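Below is one structure, written out as structure tokens, with a few remarks after it.
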Amino acid sequence: MSDPTRIKELIVTPIAFRDPPLLNSNGVHEPLALRIILQLVLEDGTVGLGESPGGVARLERLEAAAKVVVGRDVFDTTAVGAAIDAALLPTVPSSHERGWTTSAVEVACLDAQGKLLDRPVSDLLGGTVRDSVPFAAYLFYKWAEHPALDGRAAVGDEWGEALDPAGIVEQARLMQQRYGFRSFKLKGGVFPPDEEIAAIKALAEAFPGQPLRLDPNVAWTVETSKYVARRLDGVLEYLEDPTRCIEGMAAVAKDAPMPLGTNMCVIAWEHLRPAVEQNAIQVLLTDHHYWGGLRRTRELAAVCEAFGLALSMHSNSHLGISLAAMTHVAAAIPNLDHSCDTHYPWNHADDVIRPGVLEFRDGEVKVPTGPGLGVELDPAALERLHRRYVDSGVRSRDDTGYMRRFQPDYELRLPRW
Ligand code: GKR
Ligand code: MG
């Protein structure tokens with residue numbers, strides 16, 4: 001007999017979407033970024049959506065997951081996760097790496113559950129503590145356009161160039177005008193630290209009293225990190241991943257006048273204990289894509305509360321299914337202390353969901369109230385972005401390789417300063 005809550009199929013679709021030339025400590029974003037869209041189909045025809053970062057390894061693991069979830073009950077996410085974990089274990093020894101796969105499938109299960117029950121995902125997480133979730137304007141140094149390459153014409157965008165403090169302030173103004181953001185994060189690690197200090201000071205002057213953060217993605221030594229921290233005393237709400245590893249961060253934290261945050265050195269449960277013992281971080285940027293899904297993220301928030309760690313949220317280039325999931329879980333976390341990161345303003349024009357539900361107003365996204373994640377897949381857009389994936393031949397993110405196409409002597413050095 002057919003059981004409406006049983007999983008019939010997991011459809012895994014890799015896609016490629018447009019991305020501007022955003023600079024970071026590894027190089028520059030390519031014109032196309034990759035994601036993978038999940039459609040978890042139940043026997044009654046209900047479809048739960050999920051979104052995962054792209055790349056060949058992640059795609060293969062999701063395809064392996066698709067084989068072992070069929071026939072399972074969509075409400076039994078523990079068993080679904082365990083089956084995926086067991087299937088991946090022989091080839092993927094890292095539990096953190098396996099977590100990317102189970103997380104994406106959990107979100108699709110929760111979306112399907114919400115649709116069956118006619119309740120939003122935030123209800124399945126225990127209900128909301130806020131009706132809308134604050135996000136930060138995610139500022140990047142960037143080129144005006146992707147330069148012409150191999151017969152391809154240059155690709156411009158609506159943001160223009162930002163390569164100095166004035167350019168960053170202008171970008172922040174545009175972000176604020178368009179979306180109302182009230183806090184700002186600058187992706188650093190691109191220019192020598194004094195130039196990035198100057199950009200943060202210019203932002204502080206242009207937006208007095210509005211929270212600012214700087215994230216050079218481990219581009220600095222411990223000494224350089226301490227120097228920057230001292231120069232930005234009283235200016236940053238937190239300094240994110242100035243240097244590599246828990247020990248390095250702990251050494252910086254001894255001196256830094258502001259809290260240190262991370263989405264790089266504490267990315268798995270086993271990192272929490274040493275980080276807390278060494279007082280290496282004071283802010284954790286959580287991310288449901290690798291912390292085991294939305295429910296585990298809610299649990300992580302409780303652990304952070306117990307150890308006095310403040311919470312923020314990490315982002316990578318992403319589309320609307322991820323933004324909806326981020327918004328639901330952020331709305332359900334009482335101790336969300338900082339606005340969340342999001343790349344969505346850079347990428348939203350090329351989404352796979354129908355527009356209208358997820359909008360930034362006054363820098364916040366209203367928690368969707370429709371069933372499940374509350375967003376609807378646009379099948380034509382999915383097909384178009386999948387076709388682009390197939391035709392482009394892009395199969396992994398390579399910020400460094402792309403940078404070398406324009407600056408052949410560019411070297412990836414971390415720390416660089
Ligand atoms: O998009 O270039 C980028 C970011 O640097 C991203 O890859 C990071 O994962 O945003 C992220 C961060 O906060 O480290
Ligand atoms: Mg970061």
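The values are calculated or read from the model by the stated rules, or taken from the named source; none is laboratory data. What you see is a predicted model; the values in this text were computed from it and never measured. Note: ideal-geometry Cβ built from the backbone for every residue, glycine included; neighbour counts use all protein chains shown. All accessible areas refer to the heavy atoms of the entire protein, side chains included, with ligands and DNA or RNA removed. Shrake-Rupley method; radii C 1.70, N 1.55, O 1.52, S 1.80 Å.
Does LEU34 qualify as being within 29 Å of ASP118 (Cβ to Cβ), part of a strand (DSSP E or B), more than 16 Å from ligand 2 (Cβ to nearest atom) and out of contact with any Leu (no Cβ under 6 Å at 6 or more places or on another chain)?
Working: within 29 Å of ASP118 (Cβ to Cβ): no; part of a strand (DSSP E or B): yes; more than 16 Å from ligand 2 (Cβ to nearest atom): yes; out of contact with any Leu (no Cβ under 6 Å at 6 or more places or on another chain): yes.
When the stated conditions are applied, LEU34 does not pass them.
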Condition first: assigned to a strand (DSSP E or B) and buried (at least 18 other Cβ atoms within 10 Å of the Cβ). Can you find one or more residues in segment 345-352 that meet it? no
List the helices (runs of 4 or more DSSP H) inside segment 161-266, counting only whole elements, that have at least 3 residues being under 26 Å from HIS289 (Cβ atoms), away from ligand 2 (no atom under 16 Å from the Cβ) and touching a residue at least 40 places away in the same chain (Cβ under 8 Å). 165-179
On the given criteria, is ASP19 in contact with a strand residue (DSSP E or B) (Cβ under 8 Å, 6 or more places away or on another chain), open to solvent by less than 20 Å² (accessible area, probe 1.4 Å) and more than 16 Å from ligand 2 (Cβ to nearest atom)? yes
Taking segment 22-52 on its own, how many of its residues are open to solvent by 10 Å² or more (accessible area, probe 1.4 Å) and in contact with a Ser or Thr (Cβ under 8 Å, 6 or more places away or on another chain)? 7
Quick one: in segment 261-286, which of the residues that are hydrophobic (A, V, I, L, M, F, W, C) and away from ligand 1 (no atom under 13 Å from the Cβ) is nearest to the chain's Cα centre (by Cα)? ALA268
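Yes/no matrix, rows are residues, columns are (1) at pLDDT 95 or above; (2) on the phi < 0 side of the Ramachandran plot; (3) within 16 Å of ligand 1 (Cβ to nearest atom); (4) of a type in the set (Val, Ile, Thr):
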{"position": "ALA324", "(1), (2), (3), (4)": "yes, yes, no, no"}
{"position": "HIS343", "(1), (2), (3), (4)": "yes, yes, yes, no"}
{"position": "VAL352", "(1), (2), (3), (4)": "yes, yes, no, yes"}
{"position": "PRO355", "(1), (2), (3), (4)": "no, yes, no, no"}
{"position": "ARG405", "(1), (2), (3), (4)": "yes, yes, no, no"}
{"position": "TRP417", "(1), (2), (3), (4)": "yes, yes, no, no"}
Select from segment 109-160 the residues that are under 30 Å from GLY292 (Cβ atoms), among the acidic types (Asp, Glu) and open to solvent by 50 Å² or more (accessible area, probe 1.4 Å) and list them in ascending order. ASP118, ASP123, ASP131
Quickly run through segment 10-31 and pick out the residues that are in a strand (DSSP E or B) and within 16 Å of ligand 1 (Cβ to nearest atom). ALA16, PHE17, ARG18, LEU22, LEU23, ASN24, GLY27, VAL28
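Conditions (1) closer than 27 Å to ASP123 by Cα; (2) without any contact (Cβ under 8 Å) to a residue 12 or more places away in the chain; (3) not hydroxyl-bearing (Ser, Thr, Tyr), marked per residue:
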site: ALA275; (1), (2), (3): no, no, yes
site: GLN282; (1), (2), (3): no, no, yes
site: HIS289; (1), (2), (3): yes, no, yes
site: THR297; (1), (2), (3): yes, no, no
site: ALA301; (1), (2), (3): yes, no, yes
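Yes or no, residue by residue, for (1) without any contact (Cβ under 8 Å) to a residue 40 or more places away in the chain; (2) open to solvent by 50 Å² or more (accessible area, probe 1.4 Å):
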{"site": "GLY54", "(1), (2)": "no, no"}
{"site": "LEU59", "(1), (2)": "no, no"}
{"site": "ALA65", "(1), (2)": "no, no"}
{"site": "PHE75", "(1), (2)": "no, yes"}
{"site": "GLY81", "(1), (2)": "no, no"}
{"site": "PRO93", "(1), (2)": "yes, yes"}
{"site": "GLY99", "(1), (2)": "no, no"}
{"site": "SER103", "(1), (2)": "no, no"}
Looking at segment 165-203, which of the residues that are within 24 Å of GLU223 (Cα to Cα), of a type outside the set (Gly, Ala, Ser) and out of contact with any strand residue (DSSP E or B) (no Cβ under 7 Å at 6 or more places or on another chain) is nearest to ligand 1 (Cβ to nearest atom)? PHE191
